[in-house]
């Protein structure tokens, strides 16, 4: 992608249509603690009496519900349009076959048109059919869920295993929470690892982004990729260092931060209380409010509330 | 030659470290090619300390382009795009990062002002670490079509393996279960699924097991950081038993692993007697037996 984006694309990235602040939690590398930070930050904001929506947009591997000890309720199907062929109306012109750029349409000899393989629901085949022989069917690619516990409402997106349409599920769960944004004081979004389009879609509308990392060579490398992405969209961001006491290369993280002119927030050390809360499905701010980890998250939440919440 | 992929669902459970260590140990006996298909965050070369031999751009993505000299600003394309990838008030603008290159916009444009063109979406790096050949994909920042990039990486890795007369192509896969994971998994002989004893990692393991079964790839499980949490370890073990999945090895949590990584080395060579290194050698024996039994 060109490092210079057209201003319209950047404006569209930030446009939400509501005033509730949106905080993204991301990080590039997998397993650095994105979900831990997102869940505990959400619990801390809720503990301050604010209504918070937490969005689990890591639709391949959603874990926020597990960390919160919540079940997945209120399922809503995520559909994608699929062509359904009316073989009586089909004139056998084969225009749809050439329009499908995924090469998923076939007409075996002596047979009628078949959809075989990937279909992203682009509807190009509908547009070229001169005989009105294609109608809209639906195929499910995932599910979104919503569950409220006190001041915290969790929205989760989940891709069906075996399918590839993660992007559609990310968009669907974002749409669900954004439609109800006015009910909340703050929206927190937990993304998947990586720097691809699903991460950008997950972060769309973000007022501020926390980039979570760890002080290892891998953490520094992937943080650099993430900050480069945020640079392109000119997103406000800061760095949260997890496992700050890992034997590693804190100086590399500091170099990356300086290159991208990004501030480093408080860090978090390896912590028995945090691990216990992680495996027991209770946020550390609720389970062990006096622990160092809980105090770190409360302080971070207070900063966010002061900076971004009305 | 055998093709094995290392996956996990959850990120950060040790895929790259394990790929590097197993590849390194097997290279003492076999000709080994490693592939890195975690194209979003390719880290295998960092873990191995591999040296870059060559790099070249990969064009494995299609995007729409508007010729503004021809465009009448009718905005038909904005309405037809199912991916909301054409925006704009006064003139249409392609949102390149989410454009799927499906071409629906080209079909409604009355002036043929839009074309679909291939674009470079990443790089392919060839590296060497001792006798090990490494083929790594790297997606451009904010680019899409990671699955197609993975296909290119796999194709090149197979060519390298063939050229070397290699016995093993071991792939360090991406986290998750989506498009690049499926591309990494298709057509391999075996999947090593790495997990750790936490409820999150187990939940993600279950999802990646479903994907492996969907594509009929046999799989076994490595339990990393095994001593982290006893109750969760039992949950993983009973899940494996119920689903008739092999436990390949349990690797204890070992602070020498991150220490070696920070020093730019591999624990199996820097600290060969460390408990984690001993366990990784166990796993390597199992893989060795798979290669010998071909």
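Observations
- Evaluated over the Cα positions of segment A:87-132, the convex hull gives a direction-averaged projected area, one quarter of its surface, of 3.1 nm².
- Mean separation of Cα contacts under 8 Å (6+ apart) over length of segment A:69-149, as relative contact order %: 52 percent
- Our helix-only sum for the protein assembly as shown, with -39,500 (n - 2.57) per DSSP H run of n ≥ 4 divided by its residues, gives a mean residue ellipticity at 222 nm of -11000 deg cm²/dmol.
- Part-to-part distance (alpha-carbon centres) for segment A:61-93 and segment A:168-198, which is given in Å: 17 Å
- Extension gain, residue B:163 back to residue B:210 (0.36 nm per residue minus Cα-Cα distance, nm): 13.5 nm
- For the residues A:242, A:103, A:198, a GNM of chain A with alpha-carbon springs under 10 Å puts the largest fluctuation on A:103.
- Chain B shape via C-alpha gyration tensor axes, a/c threshold 1.5: prolate
- Spacing of the two label points (7 Å from each Cα toward its C-beta) at residue A:114 and residue A:71, in nm: 4.2 nm
- Taking every alpha-carbon pair in chain A and binning the separations at 10 Å intervals from zero gives 6, 25, 30, 20, 11, 6, 2, 0 percent.
- Evaluated at q = 0.15, 0.17, 0.19, 0.20 Å⁻¹: base-10 log I(q)/I(0), Debye formula over Cα of segment B:61-119: -0.34, -0.44, -0.55, -0.62
- Nearest-ten-degree value, helix A:217-233 long axis tilted from longest Cα axis of chain A: 60 degrees
- Axis of helix A:34-47 versus longest Cα principal axis of chain A: the two differ by about 70°, to the nearest ten degrees.
- Principal-axis tilt of helix B:230-242 within chain B, Cα atoms, nearest 10 degrees: 80 degrees
- 12 Å reach of a label modelled at residue A:19, 7 Å along Cα-to-Cβ, counting backbone N of segment A:192-222: none
- Using C-alpha pairs under 8 Å with a sequence gap of at least 6, the mean separation divided by the residue count of chain B gives a relative contact order of 26 percent.
- Extending 7 Å from Cα along the Cβ direction at residue B:278 and again at residue A:306 yields two label points whose distance is 5.1 nm.
- For the pair residue B:289 and residue A:93, label points projected 7 Å from Cα toward Cβ lie 6.2 nm apart.
- Extension reserve of the residue A:276-residue A:48 stretch, reckoned as 0.36 nm per residue once the Cα distance is removed: 79.8 nm
- For the protein assembly as shown, alpha-carbon Rg relative to the globular expectation (2.2 N^0.38 Å, N residues): 0.96
FYI, it's all coordinate maths here, none of it is from the lab. From a predicted model like this one, the values you see are computed outputs, not experimental measurements. All Cβ positions, even for glycine, are placed from backbone atoms using ideal geometry, and neighbour counts span all protein chains on display.
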